[in-house]
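Enquirer: Got a structure for you, written out below as structure tokens; questions coming shortly.
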Ligand code: TRP
């Protein structure tokens, strides 16, 4: 059994791409491994120091993750700022993190280009905070996308350095958890290959989108003038709609429209109507659960408290070991 950990930035609602990306796999992983999932609210301050609704953003993520099936009893689901131990480990790791290596980090270089008026120390030490998040539970596997691989590499460097400097094999070196072919890539509705909220308005379908919104987005999805030859290959925007259909519709439905396409008889309007209804059928249970949970603050309080208790149990053990290893002693 591995100790798996993932941090989630509290930025906006979940779309189908998020669900079929990591999230659906998290739900499975919680049955097989010791899992920690937390909402990285400290990290969000590196780019948004005065958020308008920090609590609301955290709540939204918590609600949507629960609605997707993360089980607070099975996994440890917590909020980063509920764990002072992370902040302490971050402080200690910073003593052995070198400004040079932090400055060379790709994400830092990118951020200082994007926010030249706010090059704060939190931004520079983003990788040490992330390393603290991971090694505070001595996690062994971290599901990360390509953009986070360098941070994970730095985490291994900090873990290894700690072990070497204090001459103890204490922290395991965490590795990327690879979903492999279990990752389903969801295309966007704008003809682009990827569903994402940075891709532009209308490209993504959110789990919380009401039916009317879904219909509107799908009806506006990019298509083309239609096939001109029998059995021709589908250009990207059309292929994308079929990819979505493959996920939410029955095989019969997909086969029907595929056939229509191959016969050059397809009416994109019909395909879109069907696709919209099938997406709605798929997302409705999620949307209903999201609404229900969002209204249940007592339950959310219990979930957060349970997560905090479980996470602190693991983290306080690490911190007490670390203090001992470094040489802090009580009088
Ligand atoms: N940096 C991650 C992101 O931008 C979020 C994150 C913070 C994280 N701490 C983490 C991810 C620890 C994995 C492990 O998505």
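Enquirer: Tell me which residues, restricted to segment 89-106, are over 15 Å from residue 121 (Cβ atoms) and within 14 Å of the ligand (Cβ to nearest atom).
Expert: Hits for segment 89-106 are 89, 106.
Enquirer: Would it be correct to say that residue 168 is more than 11 Å from the ligand (Cβ to nearest atom), part of a helix (DSSP H, G or I) and either in the same structural domain as residue 46 (by TED's automatic domain parsing) or touching a strand residue (DSSP E or B) at 6+ places or on another chain (Cβ under 7 Å) (or both)?
Expert: Answer is no for this residue.
Enquirer: Within segment 108-124, is even one residue within 10 Å of the ligand (Cβ to nearest atom) and in a helix (DSSP H, G or I)?
Expert: No; the residues of segment 108-124 include none that is within 10 Å of the ligand (Cβ to nearest atom) and in a helix (DSSP H, G or I).
Enquirer: Quick one: residue 128 ticks every box in (1) closer than 26 Å to residue 313 by Cβ; (2) assigned to a helix (DSSP H, G or I); (3) more than 13 Å from the ligand (Cβ to nearest atom) except a single one, so which number is it?
Expert: (3)
Enquirer: Restricting attention to segment 188-206, report how many residues are under 26 Å from residue 142 (Cβ atoms), out of contact with any strand residue (DSSP E or B) (no Cβ under 7 Å at 6 or more places or on another chain) and at pLDDT 85 or above.
Expert: Total satisfying the criteria: 2.
Enquirer: Restrict the check to segment 204-212 and report whether at least one residue is surrounded by fewer than 15 Cβ atoms within 10 Å (Cβ to Cβ) and assigned by TED's automatic domain parsing to the domain that holds residue 272.
Expert: yes
Enquirer: Let me ask something else. Does at least one position in segment 114-127 carry a residue that is surrounded by 13 or more Cβ atoms within 10 Å (Cβ to Cβ) and either outside the structural domain of residue 311 (by TED's automatic domain parsing) or under 24 Å from residue 22 (Cα atoms) (or both)?
Expert: Yes, the conditions are met somewhere in segment 114-127.
Enquirer: I would also like to ask the following. Looking at 90, 78, 65, which one is assigned to a helix (DSSP H, G or I) and crowded, with 21+ Cβ neighbours inside 10 Å?
Expert: 65
Enquirer: OK, next. How about segment 293-308: which of its residues are touching a strand residue (DSSP E or B) at 6+ places or on another chain (Cβ under 7 Å) and over 12 Å from residue 62 (Cα atoms)?
Expert: Matches in segment 293-308: 308 only.
Enquirer: What about residue 86, is it within 15 Å of the ligand (Cβ to nearest atom) and either assigned by TED's automatic domain parsing to the domain that holds residue 137 or closer than 30 Å to residue 160 by Cα (or both)?
Expert: Working: within 15 Å of the ligand (Cβ to nearest atom): yes; either assigned by TED's automatic domain parsing to the domain that holds residue 137 or closer than 30 Å to residue 160 by Cα (or both): yes.
Yes: the conditions hold for residue 86.
Enquirer: Could you go through segment 308-328 and let me know if any residue there is in a loop (DSSP other than H, G, I, E, B), under 30 Å from residue 163 (Cβ atoms) and without any contact (Cβ under 8 Å) to a residue 24 or more places away in the chain.
Expert: Taking every residue of segment 308-328 in turn, at least one turns out to be in a loop (DSSP other than H, G, I, E, B), under 30 Å from residue 163 (Cβ atoms) and without any contact (Cβ under 8 Å) to a residue 24 or more places away in the chain.
Enquirer: Sticking with this one: Pairs only if they're at least six apart or on different chains, beta carbon under 7 angstrom, first in segment 64-87 and farther than 13 Å from residue 26 by Cβ, second in a loop (DSSP other than H, G, I, E, B) and within 16 Å of the ligand (Cβ to nearest atom); list them, first residue then second.
Expert: Correct list of pairs: 80/40; 85/136; 86/136.
Enquirer: Let me ask something else. Any chance you could count how many residues in segment 1-39 are more than 14 Å from the ligand (Cβ to nearest atom), assigned to a helix (DSSP H, G or I) and in contact with a strand residue (DSSP E or B) (Cβ under 9 Å, 6 or more places away or on another chain)?
Expert: 1
Enquirer: Can I ask one more? What number of residues within segment 276-305 satisfy the criterion of being within 11 Å of residue 79 (Cα to Cα) and surrounded by 14 or more Cβ atoms within 10 Å (Cβ to Cβ)? Talk me through it step by step, then tell me what you get.
Expert: Step one: filter segment 276-305 for residues within 11 Å of residue 79 (Cα to Cα), giving 303-305.
Within this subset, residues satisfying the condition of being surrounded by 14 or more Cβ atoms within 10 Å (Cβ to Cβ) are 303-304.
Matching residues across segment 276-305 total 2.
Enquirer: Then there is this: Please work out which residue is surrounded by the most Cβ atoms within 10 Å (Cβ to Cβ), limiting yourself to segment 155-187 and to residues that are free of Cβ contacts under 8 Å to residues at least 12 places away in the same chain and under 20 Å from residue 318 (Cβ atoms).
Expert: 163
Enquirer: Of the residues 72, 51, only one is assigned to a loop (DSSP other than H, G, I, E, B) and within 18 Å of residue 315 (Cβ to Cβ); which?
Expert: 72
Enquirer: Let me ask another. Considering only segment 138-150, state which residues are within 10 Å of the ligand (Cβ to nearest atom) and in contact with a strand residue (DSSP E or B) (Cβ under 9 Å, 6 or more places away or on another chain).
Expert: Matches in segment 138-150: 139, 142, 143, 144, 148.
Enquirer: Tally the residues that are under 16 Å from residue 79 (Cα atoms) and more than 16 Å from the ligand (Cβ to nearest atom), restricting the search to segment 40-55.
Expert: Total satisfying the criteria: 2.
The values are calculated or read from the model by the stated rules, or taken from the named source; none is laboratory data. What you are looking at is a predicted structure, and each value in this text was computed from that prediction instead of being measured. Heads up, the Cβs are rebuilt from the backbone with ideal geometry, glycines too, and the neighbour counts pull from every protein chain shown.
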